[in-house]
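Since every read-out is calculated from the coordinates, none of them should be taken as a lab result. What you see is a predicted model; the values in this text were computed from it and never measured. No Cβ is skipped: glycine too gets one built from the backbone with ideal geometry, and neighbour counts run over all protein chains shown.
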Amino acid sequence: MILKSLVVGELETNCYILGDENTNEGIIIDPGGDFKEIEKVLEELHLEIKYIVLTHGHGDHIGVLAELKKKTCAQILIHKEDAEMLSDPVKNLSILSYTPISVPEADRLLKDEDKIKIGKIELEVLHTPGHTQGSISLWTDKIIFTGDLIFYGSVGRTDLPGGSYQKLLRSIQDKILDKEDDTIIYPGHGPSTTVGEERMNNPFLNL
Ligand SMILES: [Zn+2]
Ligand SMILES: [Zn+2]
C-alpha cells in the first residue's frame, strides 16, 4: 500500500494519499488546501484517483475539492450528515476565513460500515460523530484515519455546530479504542499515534 501524508492549508490539515501499487488506483482523504502540492505528489506517484473522501465537512478539510475533482474526475464521498456542508460556507465554517468555500456536491453519501475499495485495499467507514454529526473514521488493517475525532494526546473540538463531547467520547470508546494497540491512528491534524498510546496516555480518555 502506498501512503503519503501532506500538511496543507492555513490550519495545517493532514491530507492523506493512499494508493494500491498493483492497480495504481488511489484515494485522497481531506484535501484541505495547497492544490499544487497535492497535484505534484499525484504525478510523482502516477496514481489514478478514484475517490476523494472527506472525514467531515469543515472548510480546512475540503478546501481544494473543486480543483481536485476537476483534475481527477474522482467521486466525492462524505457522510450523509455532513453532506450539506460542502456547498455552504456558513455550515462548513469557511465564512469565518477570508476565502468562503463552496465545492461540488458529493457523488456518494456514506453511512456506517460502508466499504471503499481500490485494488486490494478496502477501507471501512466508521460513523464517529462528536466533532461534527457526520464525522467518519476510515479503517483498514491496523490503520485508522480519524479526521478531527482524536489527535495525539488530544481530542477534537466539540464547541462548533453539530459538536457533542458526549458523542465524541462514545465514538472514541466504541470505534477507536476497540482496535488493537498497534493500530496506527492518522488524525486530521498533527502527528500520527497509535491506539495503545492514546489508550494509555491521552488525558481526555483517562478521567
Ligand atoms: Zn473539523
Ligand atoms: Zn480540521
Per 10 angstrom bin, beginning at 0 and ending with the bin that holds the maximum distance, the Cα pairs of the stretch 110-200 fall in percents of 19, 53, 26, 3
In nanometres, the difference between 0.36 nm per residue of separation and the alpha-carbon distance of HIS46 and GLU124 is 25.6 nm
Excluding residues fewer than 8 positions from LYS179 in its own chain, the aspartates and glutamates with Cα under 14 Å of it are GLU124, ASP141, GLU197, GLU198
Listed by chain and number, the lysines with an alpha carbon less than 21 angstrom from that of LYS36, same-chain partners under 8 positions apart left out, are LYS4, LYS50, LYS69, LYS70, LYS71
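Mind running the shape call on the chain? Use the C-alpha gyration tensor, a ≥ b ≥ c as the square roots of the eigenvalues: rounded below 1.5 for a/c, prolate if a/b tops b/c, oblate otherwise. Walk me through the intermediate numbers first.
Values: a/c = 1.61, a/b = 1.17, b/c = 1.38.
Oblate is the answer for the chain, as a/c is 1.5 or above yet b/c matches or exceeds a/b.
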Among the Cα-Cα pairs of the stretch 1-123, the proportion with separation greater than 22 Å, in percent, is 29 percent
Descending packing, highest mean Cβ count within 10 Å first, for 93-99, 72-78 is 72-78, 93-99
Measuring from its Cα centre, the chain shows a charge dipole (+1 at each Lys and Arg Cβ, -1 at each Asp and Glu Cβ) which, in debye to the nearest 20, is 280 debye
